[in-house]
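See structure below.
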Amino acid sequence: MLESLLVVLLIGAVAWIGSCIGLTAVFGILLPYVAVLVFLVGIVRRMIYWAKSPVPFAIPTTGGQERSLDFIKQEKFDCPSTKFGVVIRMILEVCLFRSLFRNTQACSFENDQATGGYRVVYYSSKWLWFFSLLFHYCFLIVFLRHFRFFIEPVPCCVSFIEAVDGFLQIGAPRFFLTGGLLLVALVFLLCRRIFNERIRYISLANDYFPLWLLIGIVVSGLCLRYFDKAEIAQVKIFIMGLTHFSPVIQGLDLNGMFIVHLTLVSTLLIYFPYSKLVHMPGVFFSPTRNLPTNTREVRHINPWNPPKQFFTYPEYEDTYRDAMAQAGLPLEKQPDKKS
Amino acid sequence: MYNKKAVCIGIVILVALLSSPFWVGLFGTDYKETGVVKPNQDACVEDAAFMRAQHMRLLNEWRDQALRNENRTYVAANGKKWEISLQNTCMKCHTNYAGFCQKCHLSNSVSPYCWTCHIIPTEGK
Amino acid sequence: MAKLPTPQMLMASRPELPKESWLDIKPEFAPGSYCYPEKKETMELLHMPNPHDWDPSAEDWNLPENWEQILCDAFEERLQKHRSLKLFMDICVRCGACADKCHFFLGTNDPKNMPVLRAELLRSLYRRDHTMLGKLLGKKVGARDWDKSVVKELFYYAYQCTECRRCSLFCPYGIDTAEITAIVRELMHEVGLGTHWIMDPVKNCSFTGNHLGIKPHSFKEIVEMLADDCETVTGIRPKTPFNEKGHEILFITPSGDVFADPGIYTFMGYLLLFHELDLDYTFSTYASEGGNFGSFTSFNMAKKLNAKMYAEAERLGVKWILGGECGHMWRVVNQYMETYNGPTPPNMTIPKSPITGTVFKNAAATKMVHITEFTADLIRHGKIKLDPSRNDHIITTFHDSCNPARAMGLLEEPRYILKHVCNHFVEMPENTIREQTFCCGAGSGLNTEEIMELRMRSGMPRGNALRYVQQKYGVNHMACCCAIDRATLPPLANYWAPGVNVSGIHELVANALVMKGEAKRTMDLRQEDLPNVDADEAEAEEGR
């Protein structure tokens, strides 16, 4: 856990020092380009890697009543039998974390009043759902807000998001809610890993590192806005240079914190395709969610379906013919009459 | 590769979305300089670097001082005293709203709420 | 079988989570924690790879010399065959939502029984060969080498998972531990490791047509005995057609139902119901097994054992297949059969109930209908006369079996039937039923005696929920639609909620069924006296 924090701090420190000793071009231009390339190529390769294996069996998890008799109401989205239903199920899964919403927590009571003994109760538990949803949406909005640096003039939808995000009108520059909430959600997710005994037990460096990295990105981003300010006009010139493949860095006044922020984001991009973060494209591939539950209605084809090899009826009858004849069971071939 | 069609569509959509920072710029213009028209005077209330980074905070503070504490005097870092007033101090030099304020604010989607109370200075005034 | 501790002691004896990392802990094969291994001869007979004698509790498992190569290759092959495996290896974020969803974890508090760690056992091996970070950083990022103790660990935990898919329901990415467990079991079979309780039925099914190894003449004899029992109870002897060609329907149910108490009463229920309907159907002694222990072995073995169903349907020329109450049978039928052994033979048509005319469009391809779908439809159309008051001494609840619930979505049909054949029906607590149902604790080939204590632990969530409704609502009966449940729930109920009886749904149906020309019922199918009937009055009626 601390190791991951140290690695993130180290990356930040290296970037800071780099910006001080005149390596701004390395951390500001070279690294971001490499990172974006690794990110896009890595993700596409991972998706192709998955797609290279077939889905031999249709194994959707049925989260509700199947479609059967007319008078029984089907759960159309938790147990979708049509393509449309699957699309809705996937939208619910991806946009609202439907499965996580079901989450329960098992609590055991040694001496329960109602049953006079040991009892386990499964309470609904929405914390994980809430904070992970909060994290993902805040991240999305923060990403969208950054589009003010990617396009000139700034489109009104971006300004609209900013207006909503900053509606509290606290301070100058105005405080954006999502920035703060993003940090809160990340800290919650981290605390879960640290203080919940079970989650701590299953957590690996691969789990702490992305959390610390994201916290690093958010904190450096908040710093740039509220404390160790970057000059956004200069930042925009620089970013537009990058995205137009004509990077400029000479004569721009970019502070160390900005280089740190950019380096941490680049690290995230490079790390992404080689880590659990591929759950982002991965969730769309999940055969327990993205297949219709019409498995008795439509045949699913397995491309490597092996040839049928089984104990056939003729073999069976050959084995048991006499006994079957004695028992009066119908036969394909009567036993040889022994004289 | 299996489910080629769906996977390819997925890849195209994903790559398009993830690389959007690189192509949304095509829908706009280039942005190589701020194009700010500087006023003639060389000195502002504080030095230029401070003003660039912190002007919004300074203005916020001035508003609070003037309206909530009825204090109309600001002592700069170099000891010089200024009257706390947007109209009478800032806009004495920064007369060009569109050429100065708006230049950065528009490009970076900053919408200060100075002008909910103050009157936006018009060109040539 | 060792004497079991009391439920309180059992739960109090769950250890705390260990201090050491799970990567450093080796499994201990204490008696009662593992199923007995299969004999070499059986494995040879079934042409399983690398058959050998071995003992789980021994230090050396006599693995083949190149075991590591075999396992690495087999793993690689499965990655190429199953997208699910690649995906589930890659995308788990270890959020821990699955942890307390597993009945094995709740009952044992063994961290490796959290679904996430169960998968992580395999994932750690995947990381070494298939991820950049694992190659670079090794153990730091949870990667490890193959090792004989790793093989033991995989075996140990693959047989402490009942493939119930409850974790999959809660996983934000739908990671299905059943898939992983099934593949780990396949890997174990590659180096000759299998359990007796699974492989013996597989052998039987391969050569006699059913898990229990009942030969054709015995099968007929047993069923006829059950028909005689039906006559004792109802005064009507139902017909028992076998291997007859030219019928409309082939009926297939797990062989456990013709063999063991209380499954036999469910079987008698089928006989009586079909007789009352004068259904045009036949049994088959060849396709006399609905269940499929092959599905607990490997995908190919499941296919092999399942192939008999369509083959027999074709030979007998039936139009469609009616399937009895069974859990994993329906996982295979609903999600695998048509893929394995389809397309269906040309003589088969889309199932249509000959009694009500209902067309089962949802079974258009497999042409196989679940008996509760069939019966619920009958009741809806008023085609059978029921007297639920005969079940008035019963306050029943319903146990959703994992497979019909989460691999089929069969939730309302059995309830609909139960509510029409019983006047007193009570649900167990909401997060323990329907799609969130808890396993009986011994599915997927773990219903063996030698791990009874483990079964009581893994069955704790189900047993505990049952106990709750027993204490609170006086429930004295639990219905289920699974043959393994009918074998595993009685000891579980006896342990956690003594006094609760277990039965299939069609046992209750037949008890309530008012048949044409039947004698006045004074006892139920178990030949126990019905408490609400005055015996003298019944006799008087008969004498009239």
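Every number here is computed from the coordinates shown, using simple stated rules; none is lab data. Everything numeric in this text was worked out from a predicted model, so none of it was measured. Heads up, the Cβs are rebuilt from the backbone with ideal geometry, glycines too, and the neighbour counts pull from every protein chain shown.
With respect to chain A, whose longest principal axis is taken over its alpha-carbon atoms, helix A:256-271 is tilted by about 20°. For chain A, the relative contact order is 30 percent, taking Cα pairs closer than 8 Å that sit 6 or more residues apart in sequence and dividing their mean separation by the residue count.
From its DSSP helices (H runs of at least four residues, each -39,500 (n - 2.57)), chain B gives a residue-normalised ellipticity at 222 nm of -10000 deg cm²/dmol.
A Förster distance of 22 Å, applied to the separation of the beta-carbon atoms of A:Phe143 and A:Asn196, puts the FRET efficiency at 0.15. Annotation for C:Arg144 and C:His381: the two label points, set 7 Å from Cα along the Cα-Cβ direction, are 5.8 nm apart.
Near C:Gly194: Cβ cut-off under 9 Å, other residues only, Lys/Arg at +1 and Asp/Glu at -1. The net charge is 0.
Overall, the protein assembly as shown carries a charge dipole of about 4000 debye about its Cα centre when +1 sits on the Cβ of Lys and Arg and -1 on the Cβ of Asp and Glu, all other atoms neutral. The Kirkwood radius of chain A, taken over pairs of alpha-carbon atoms, gives through the Stokes-Einstein law at 4 °C and 1.567 mPa s a diffusion coefficient of 51 µm² s⁻¹.
May I ask which residue of A:Phe245, A:Asn103, A:Val36 lies farthest towards the positive end of the charge dipole of segment A:2-308, with charges of +1 (Lys, Arg) and -1 (Asp, Glu) on Cβ and the Cα centre as origin? Working it through, the farthest residue towards the positive pole turns out to be A:Asn103. Here the spin labels are modelled as points 7 Å beyond Cα on the Cα-Cβ line, and at C:Gln471 and A:Leu10 they lie 5.4 nm apart.
Segment C:375-442 and segment C:74-108 have Cα centres lying 31 Å from one another.
Our note on the geometry: Cα centres of segment C:448-469 and segment C:37-56, 30 Å apart.
Taking the average, over residues, of other Cβ atoms within 10 Å as the packing measure, peptides A:260-273, B:92-105, B:32-45 rank A:260-273, B:92-105, B:32-45 from highest down. For peptide C:376-383, the mean count of partner chain Cβ atoms within 10 Å of a residue's Cβ comes to 2.
Put the Cα centre of segment A:264-288 next to the Cα centre of segment A:56-108 and the gap is 24 Å.
For chain A, a simple Cβ point-charge model (Lys and Arg +1, Asp and Glu -1, everything else neutral) yields a dipole of about 300 debye relative to the Cα centre. Rounded to 0.05, the FRET efficiency of the C:Asn423 and B:Cys93 pair, given R0 = 56 Å and the Cβ-Cβ distance, is 0.05. Placing +1 on each Lys and Arg Cβ and -1 on each Asp and Glu Cβ, with no other charges, gives segment A:221-339 a dipole about its Cα centre of roughly 160 debye. Candidates A:Val278, C:Ala442, C:His217 compared by Cα position along the dipole of the protein assembly as shown: farthest toward the positive end lies A:Val278, with charges placed on Cβ.
Annotation for A:Phe84 and A:Leu23: the two label points, set 7 Å from Cα along the Cα-Cβ direction, are 5.8 nm apart.
Short-range pairs are left out: with C-alpha atoms under 8 Å and at least six residues apart, the relative contact order of chain C is 16 percent. Computed over chain A with a Gaussian network model linking Cα atoms closer than 10 Å, the most mobile of A:Pro56, A:Pro155, A:Pro306 is A:Pro306. Counted over all Cα-Cα pairs of chain C, pairs farther apart than 33 Å make up 42 percent. Looking only at A:Leu222, A:Leu254, A:Leu168, which one moves most when chain A is put into a Gaussian network model with springs between Cα atoms under 10 Å? Most flexible of the set in this elastic network: A:Leu168.
Adding -39500 (n - 2.57) for every DSSP H run of four residues or longer, then dividing by how many residues chain C holds, sets the calculated 222 nm ellipticity at -13500 deg cm²/dmol. Taking the C-alpha atoms only, the angle from helix A:2-20 to the longest principal axis of chain A is near 40 degrees. Once C-alpha pairs closer than 8 Å and six or more residues apart are averaged by separation and normalised to the residue number of segment B:31-116, the relative contact order reads 34 percent.
Within 10 Å of the Cβ of each residue in C:8-15, the mean number of Cβ atoms contributed by other protein chains is 2. The angle separating the long axis of helix B:4-18 from the principal Cα axis of greatest extent in chain B is about 10 degrees.
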